[in-house]
Amino acid sequence: MQWKGPFTVLSEIGESSYSIDVNGKSKSFHANLLKEYISRDKSNVVGTTVISMSEDEEQESCFELPALQTNQSESASDVVVNDELGVGQSHEVKRVLSKFTDVLTDVPGKTDVLKCDIKLTTDKPIKAKPYPVPLSMRDSLQEEVRKMIDMGVIEPSNSPYSSPVVLVPKPDGTKRFCVDYRKLNKVTTYEAEPMQTMTEIFSELSNDKYFSRIDLTKGYWQVEMTQSAKRRLPL
């Protein structure tokens, strides 16, 4: 990273971010990525200097990370049963739900049916430099990583592979903790057999009467990786 500027501050965004005129384009930056520009002469020009980032690295604003759910807060008792069912039917549904309290939870589990493997077209380690993270969010990121280690979702690694963490904006204004695996994806070998399309799947359901929808809590976390895949996925 290097400092660039000076640029003009257009407006304040919230409590800690600002809209900056960067070469004719309005871009938003958190205060931690800005530094006051002090001219060596006595002119009254007021501007600001911003950290130089590429388009992929740019984080336009800073928001609090949502807390990772490590303790169960939802269970089978929170399932909403259709109030149009009769008393006997409602009781039967609740009886079935009570048999699966171990999976009716907002804390992710782990399947033992299969493991996910990743095969690459090259043996050369794929490395990408980390994206800059605002100082105000580093403690939150460290806490998020610690919780994932405690849950067994990730583990310490000394692999030569490395992919950067990226904070993806969510509709509610918070940031989703993600990893940018685009460089790894470019050298990943994919299965040639195509998946069914939604149209094909729905056409097979035309004569069916009962439908169920399953929403997995952090579904990707519930599939364990093989040892060779773990070596290629460090963040």
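Readers should treat all values here as calculations from the given coordinates under stated rules, not as data from a laboratory. From a predicted model like this one, the values you see are computed outputs, not experimental measurements. When we count neighbours, we look across all protein chains shown, and the Cβ atoms used for this are built from the backbone with ideal geometry, even at glycine.
Could you work out how far apart the two model spin labels at I149 and D83 are, taking each label as a point 7 Å from the Cα in the direction of the beta carbon, and quote it in nm?
4.8 nm
I need the peptides 173-183, 212-222 ranked by packing, meaning the mean over residues of other C-beta atoms within 10 angstrom, with the highest value on top.
Put in order of decreasing packing, that is 173-183, 212-222.
Based on alpha-carbon centroids, what's the gap between region 182-222 and region 125-150 in Å, whole number please?
Their Cα centres are 30 Å away from one another.
If you wrap a convex hull around the Cα atoms of region 92-174, how much volume per residue is inside, in Å³?
In region 92-174, the Cα hull volume divided by residue count equals 205 Å³.
Can you tell me the length gained on complete extension of the stretch T217 to S73, counting 0.36 nm per residue apart and subtracting the Cα distance?
50.6 nm
Computed FRET efficiency, Cβ-Cβ of T174 and Y210, R0 41 Å: what is it to the nearest 0.05?
0.65
If I stretch the segment between S203 and V96 completely, what's the gain in nm (0.36 nm per residue apart, minus their alpha carbon distance), one decimal?
35.6 nm
Determine, for M148, M225, the number of other Cβ atoms within 10 Å of each Cβ, and report the residues in order from fewest to most.
M225, M148
Cβ neighbours within 10 Å, averaged per peptide: list 78-87, 135-144, 158-167, 106-115 in order, most packed at the top.
Descending packing order for the listed peptides: 158-167, 135-144, 106-115, 78-87.
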